[in-house]
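*Asks:* First the structure, then my questions, so here it is.
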Amino acid sequence: MPVRNTPQKTLESWKQIAAYLDRSERTVRRWEANEGLPVHRREHEKQDTVFAFRHEIEVWTRLRTKCSGLAANEAESLPSVNPATNAYLVEHDAITCTMHLYIAAARAGDGDLMRPAFHPSATISGYCQGVEYSGSVEHVFQWITQNGPAPNINPRFARIEIIESIAVVSLEVQRWSGKLAGANARASDVFTLLKCNGEWKITHKLFHWHDQ
């Protein structure tokens with residue numbers, strides 16, 4: 001059985017996250033906004049607090065680290081991995097990192113930041129205020145930029161289903177804000193992803209904006 005996240009496996013503030021990565025708080029905040037560093041938020045009455053799972057931070061770091069190779073004695077000292085018990089968690093974490101690029105870009109209000117999460121031929125379809133929309137994912141990038149920052153969005157993963165090289169992610173996002181979204185908007189998204197050259201890319205975004 002996979003080990004569940006426990007309090008000792010979490011980092012409970014920007015200060016702890018920065019210390020874990022051996023960087024400044026300013027740097028890790030920028031990484032979350034621009035590079036999809038997986039940071040979560042707890043909703044409170046006055047101000048949200050942040051936290052991060054160590055295993056997600058480690059996966060994010062590995063995905064962005066270029067290795068020139070291990071020496072023979074270093075490779076022999078590495079613990080063995082059981083593919084049957086770890087394959088799902090590895091793919092789950094990689095997909096989560098891709099989705100955090102989308103979330104971080106939405107918070108920052110910069111559509112270009114989420115481009116790396118999408119397949120070049122990605123499409124969208126869905127409903128907003130009873131009007132059907134469909135077309136290229138470029139519409140999403142433009143909308144995110146025109147809407148501006150939405151720093152207080154509260155994203156929750158409702159489902160992550162993985163079948164070999166394809167995946168489906170259901171994402172519920174509350175507390176949207178911005179020039180186009182207004183205030184306290186809520187959206188339901190379903191993403192399909194494809195594993196391309198070892199990386200998970202979003203191929204389609206299906207969405208429904210709920211009436212406020």
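*Asks:* Regarding segment 147-157, can at least one residue be identified that is closer than 16 Å to LEU101 by Cβ and of a type in the set (Lys, Arg)?
*Replies:* No, that holds for no residue.
*Asks:* Got at least one residue in segment 81-93 being hydroxyl-bearing (Ser, Thr, Tyr) and modelled with pLDDT of 90 or more?
*Replies:* Applying the first criterion (hydroxyl-bearing (Ser, Thr, Tyr)) to segment 81-93 yields 85, 88.
Still in the list and also modelled with pLDDT of 90 or more: none.
No; the residues of segment 81-93 include none that is hydroxyl-bearing (Ser, Thr, Tyr) and modelled with pLDDT of 90 or more.
*Asks:* Being open to solvent by less than 50 Å² (accessible area, probe 1.4 Å), closer than 14 Å to HIS204 by Cβ and not assigned by TED's automatic domain parsing to the domain that holds VAL169, is that true of even one residue in segment 102-122?
*Replies:* yes
*Asks:* For segment 142-170, what are the residues that are in contact with a strand residue (DSSP E or B) (Cβ under 7 Å, 6 or more places away or on another chain) and either among the hydroxyl-bearing types (Ser, Thr, Tyr) or outside the structural domain of ALA187 (by TED's automatic domain parsing) (or both)?
*Replies:* Correct list: SER165, SER170.
*Asks:* Take HIS139 and decide whether it is surrounded by 13 or more Cβ atoms within 10 Å (Cβ to Cβ) and not assigned by TED's automatic domain parsing to the domain that holds ASP211. Let's see the steps before the verdict.
*Replies:* On the way: surrounded by 13 or more Cβ atoms within 10 Å (Cβ to Cβ): yes; not assigned by TED's automatic domain parsing to the domain that holds ASP211: no.
No, not satisfied.
*Asks:* Return the pairs, sorted by first residue and then second, in which the second residue is in a strand (DSSP E or B) and open to solvent by 70 Å² or more (accessible area, probe 1.4 Å), the first residue lies in segment 150-163 and is under 19 Å from ASN184 (Cα atoms) and hydroxyl-bearing (Ser, Thr, Tyr), the beta carbons are less than 7 Å apart, and the residues are 6+ apart or on different chains.
*Replies:* Qualifying pairs under 7 Å: none.
*Asks:* Does ILE160 qualify as being of a type in the set (Val, Ile, Thr), assigned to a helix (DSSP H, G or I) and open to solvent by less than 70 Å² (accessible area, probe 1.4 Å)? Can you show your working first?
*Replies:* Values: of a type in the set (Val, Ile, Thr): yes; assigned to a helix (DSSP H, G or I): no; open to solvent by less than 70 Å² (accessible area, probe 1.4 Å): yes.
In short, no.
*Asks:* Considering only residues of segment 17-39 that are part of a helix (DSSP H, G or I) and small (Gly, Ala, Ser), which is least open to solvent (accessible area, probe 1.4 Å)?
*Replies:* Step one: list which residues in segment 17-39 are part of a helix (DSSP H, G or I), which gives 17-21, 25-35.
Checking which are small (Gly, Ala, Ser) leaves us with 18-19, 33.
On the way: ALA18: 5, ALA19: 76, ALA33: 30 Å².
Here the answer is ALA18.
*Asks:* Yes or no: ARG107 out of contact with any Gly (no Cβ under 9 Å at 6 or more places or on another chain) and within 17 Å of PRO38 (Cα to Cα)? Steps first, answer last, please.
*Replies:* Working: out of contact with any Gly (no Cβ under 9 Å at 6 or more places or on another chain): yes; within 17 Å of PRO38 (Cα to Cα): yes.
Criteria met by ARG107.
*Asks:* Looking only at residues that are surrounded by 18 or more Cβ atoms within 10 Å (Cβ to Cβ) and touching a His at 6+ places or on another chain (Cβ under 8 Å) in segment 177-188, which one is nearest to MET99 (Cα to Cα)?
*Replies:* ALA187
*Asks:* Condition first: modelled with pLDDT of 85 or more and part of a helix (DSSP H, G or I). Now tell me which residues in segment 1-16 satisfy that.
*Replies:* TRP14, LYS15, GLN16 - these are the residues of segment 1-16 that are modelled with pLDDT of 85 or more and part of a helix (DSSP H, G or I).
*Asks:* When the residues of segment 135-192 are filtered to those that are closer than 15 Å to ARG107 by Cβ and β-branched (Val, Ile, Thr), which remaining residue is modelled with the lowest pLDDT?
*Replies:* Here the answer is ILE153.
The values are calculated or read from the model by the stated rules, or taken from the named source; none is laboratory data. Because the structure is a prediction, the values reported are computed rather than measured. Don't worry about glycine lacking a Cβ; one is built from the backbone with ideal geometry, like all the others, and counts go over all protein chains shown. Side chains are part of the model used for accessible areas, which takes the heavy atoms of the whole protein and leaves out ligands, DNA and RNA. Shrake-Rupley method; radii C 1.70, N 1.55, O 1.52, S 1.80 Å.
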